[in-house]
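Down below is the structure, laid out as structure tokens.
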Amino acid sequence: MKNASIFFAGMLLCAFSSAALATVTASLDQNQVDDGQSVMLTLQKDSSGGGDPDLTPLKKDFDVLGTSSSSNVQIDNGHVSTQRVLQLTLSPRHSGTLQVPALTWDGETSQPLSLVVGNGSGRQSAAGANGPGHATRAHIFITSTLDPPRPYVQAGVVLTVQLHTDQQLYHASMDFSGDSDVLVRQLGKDRHSTEMRDGRQYDVIERKYLLQPQRSGMLSLDGPVLDAQVADTRSQQDPFAAMFGNSPFSGMLGTTRPIRLHGDAITLDVRPRPAAATGRDWLPATQVTLEESLKPDNTSVHAGDPLTLHLHLGAQGVTGAQLPDLSAELSLPDGLKAYPDQARLDTQLQGGVVVGSRDQDIALIADQAGQYQIPALRLSWWDTAQNQPRVAELPARTLTILPAAGASPASPPPAPARTGPVAPVAAAAPKPAATTPVVVREPARSWWRWVGLALGLLWLLTVLVTWRLWRRLRAIQPVSDAPSQPTPVVADPGNARKAFQAACRDNDPQSARRELLRWARGVMPDPPPAGLNALAQRLGNPGIAQLLSELDRACYTGAQWQGGALSAALASLPNATAAKGRTSKLAELYP
């Protein structure tokens, strides 16, 4: 019985010893830190369990920047004891009096701890950072401002973030991201400056972001987050830290510690599109400019030649991607076709204001000569500064297109005024005083008359001889009864046809258009077609007209073009005689 009692007493003692060894303890390396500074939490468990503690409760007020673990095994008088130590680098997410919650590890729970961050008054605000409170005494803090504070939906908002620090930062980075409700992009590069606050000099890094709210209402984003390394003056690895405190050699010796600083949350009160806003496109801006220019001047443009219309649209408060496509708003009259080029978009920050621009070239081509009226172009936008609708407008424009070069004019041009001498007419007037000197000098220059008479007789003799030779040749080779053809523009249309087919094989739209018009003007010179549209009308084939339209578009837009189909469709062109025959038949059918 005595041995049994001793055995049960030993078992009970071992149980109490195991419970004592399984105790989890928690401790902090310091109980008060500045904003952005990290703290070391040490968890110790006196057992050899293989699990890890549950760190989920820490995520409410802390970020875990790093972890490290170690194990100690001790043997004392044959008794083996095991200790496992886990060290966590914690970064407080906000200022105030925070509580490190109790953590569970292998069924055992640690005791809660208190930590004072900053002055313990609560979360840092932008106003507090600019005022005389604890933020001005902090070594590192973040401020942010919004402009405008109450934007319209889809309007640009400039967020200015300033990082103040009086410590050397290593491997610093700042993160600020948006979500589906607010699009975020960085504007430009960071600006560096210095600033004095309460007798302390701070290095200031300023960064600007563009925020674009996608819906109205109250929207909130997590503030910017700074991740960096600072010199660890508490480290025992620096031998100078014990003598000088904040050692200047800490960063050089690699004794740094991580920090993470959270800026204030960004809150937007976004206003919806007003009911008074007109127009199809919603364009909230503070200023809009709409300009146009023509190259070349329309007074020197002929039918079939391209005329470039350049449109420039600029707006303050929106990006270039938000500006509407003005080429879709153009209303052109019949006979005038438009080929818009790829638009050039740009977004810049000018004087702290977002400025977007859209530049686009549109090629205009007229089929025939005449005057073309382009209506006024109106763009509705909303003035966010004055809260009222506005309209940007380009006035109506009249284009005067001249006939195509080489084409027969509709009516003969007026005869030019004679600029030759008028001496014979003046000599008919009876003015003795004016004729007296002529009579006196006439005998001295009478030999010029004989020379002129001799030259005239020689010219007449040459004409007679040439006429006699032509008569003899006509008698030897009879002239055909076929009507004479007008002199073609192209001396050899066959070479132009071959050059056109070669350009089609090379898929070269510019060369194909040029050689095709040379070929057409050689075989259809009365009158020659001014351009591809005129040639399509002359041929009267819808399929060929479509292929010519594709060639025309490729010439003025730079698009890819395949010339095989057009080369096969235009194996030959009708000559002028056939064209005239078709004209007479049409006249008979449709008098």
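The values are calculated or read from the model by the stated rules, or taken from the named source; none is laboratory data. Everything numeric here is computed off the predicted structure, so don't read it as measured data. Here the Cβ positions follow ideal geometry from the backbone for every residue, glycine too, while neighbour counts run over all protein chains shown. These area figures cover heavy atoms from the full protein model, side chains too; ligands, DNA and RNA do not enter into them. Shrake-Rupley method; radii C 1.70, N 1.55, O 1.52, S 1.80 Å.
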> Counting only residues that are open to solvent by 30 Å² or more (accessible area, probe 1.4 Å) and among the charged types (D, E, K, R), which one in the range 515-538 is farthest from Gly563 (Cα to Cα)?
Replying inline: Asp526
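Across the range 295-324, what is the number of residues that are surrounded by 14 or more Cβ atoms within 10 Å (Cβ to Cβ) and closer than 30 Å to Leu211 by Cβ? Spell out the reasoning first.
Let us first name the residues in the range 295-324 that are surrounded by 14 or more Cβ atoms within 10 Å (Cβ to Cβ), namely 298, 301-320, 322-324.
Checking which are closer than 30 Å to Leu211 by Cβ leaves us with 311-320, 322-324.
Total satisfying the criteria: 13.
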> Among the residues of the range 47-97, how many are aliphatic (A, V, I, L, M) and more than 23 Å from Val33 (Cβ to Cβ)?
Replying inline: 3
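One line per residue, one yes/no per condition, for (1) among the polar types (S, T, N, Q); (2) open to solvent by 40 Å² or more (accessible area, probe 1.4 Å); (3) under 23 Å from Gln37 (Cα atoms); (4) in contact with a Lys or Arg (Cβ under 6 Å, 6 or more places away or on another chain):
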site: Val161; (1), (2), (3), (4): no, no, yes, yes
site: Gln167; (1), (2), (3), (4): yes, yes, yes, no
site: Gln186; (1), (2), (3), (4): yes, yes, no, no
site: Lys189; (1), (2), (3), (4): no, yes, no, no
site: Asp198; (1), (2), (3), (4): no, yes, yes, no
site: Gln201; (1), (2), (3), (4): yes, yes, yes, no
> Within the group Gly352, Gly335, Gly370, which residue is touching a Phe, Trp or Tyr at 6+ places or on another chain (Cβ under 8 Å) and surrounded by fewer than 20 Cβ atoms within 10 Å (Cβ to Cβ)?
Replying inline: Gly335
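Say whether the condition of being part of a loop (DSSP other than H, G, I, E, B) and at pLDDT 80 or above is met by at least one residue in the range 487-507.
Residues of the range 487-507 part of a loop (DSSP other than H, G, I, E, B): 487-492, 506-507.
Within this subset, residues satisfying the condition of being at pLDDT 80 or above are 506-507.
So far as the range 487-507 goes, yes, one or more of its residues are part of a loop (DSSP other than H, G, I, E, B) and at pLDDT 80 or above.
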>> I'd like to check something: does the range 131-139 contain any residue that is at pLDDT 90 or above and either over 19 Å from Leu28 (Cβ atoms) or of a type outside the set (Lys, Arg) (or both)?
In response: no
> Which of the residues belonging to the range 547-569 are assigned to a loop (DSSP other than H, G, I, E, B) and either β-branched (Val, Ile, Thr) or open to solvent by 40 Å² or more (accessible area, probe 1.4 Å) (or both)?
Replying inline: Gly558, Ala559, Gln560, Gln562
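Would you kindly identify the strands (runs of 3 or more DSSP E) lying entirely within the range 280-361 that contain at least 2 residues that are over 18 Å from the mean Cα position of the chain (by Cα)?
Working: elements: 287-295, 306-316, 336-340, 344-350.
Where strands (runs of 3 or more DSSP E) fall fully within the range 280-361 and carry at least 2 residues being over 18 Å from the mean Cα position of the chain (by Cα), they are 287-295, 306-316, 336-340.
For the range 538-546, does any single residue satisfy the condition of being basic (Lys, Arg), modelled with pLDDT of 80 or more and part of a helix (DSSP H, G or I)? If you could, list the steps in order and put the result at the bottom.
Step one: filter the range 538-546 for residues basic (Lys, Arg), giving 538.
If we keep only those that are modelled with pLDDT of 80 or more as well, we get 538.
Imposing the further condition that a residue be part of a helix (DSSP H, G or I) reduces the set to 538.
The answer is yes, given that some residue of the range 538-546 is basic (Lys, Arg), modelled with pLDDT of 80 or more and part of a helix (DSSP H, G or I).
When you go through Pro306, Pro333, Pro324, Pro340 one by one, which is the residue that is at pLDDT 90 or above and touching a helix residue (DSSP H, G or I) at 6+ places or on another chain (Cβ under 7 Å)?
Numbers: Pro306 fails: at pLDDT 90 or above; Pro333 fails: touching a helix residue (DSSP H, G or I) at 6+ places or on another chain (Cβ under 7 Å); Pro324 fails: touching a helix residue (DSSP H, G or I) at 6+ places or on another chain (Cβ under 7 Å).
Testing whether each residue is at pLDDT 90 or above and touching a helix residue (DSSP H, G or I) at 6+ places or on another chain (Cβ under 7 Å) leaves just Pro340.
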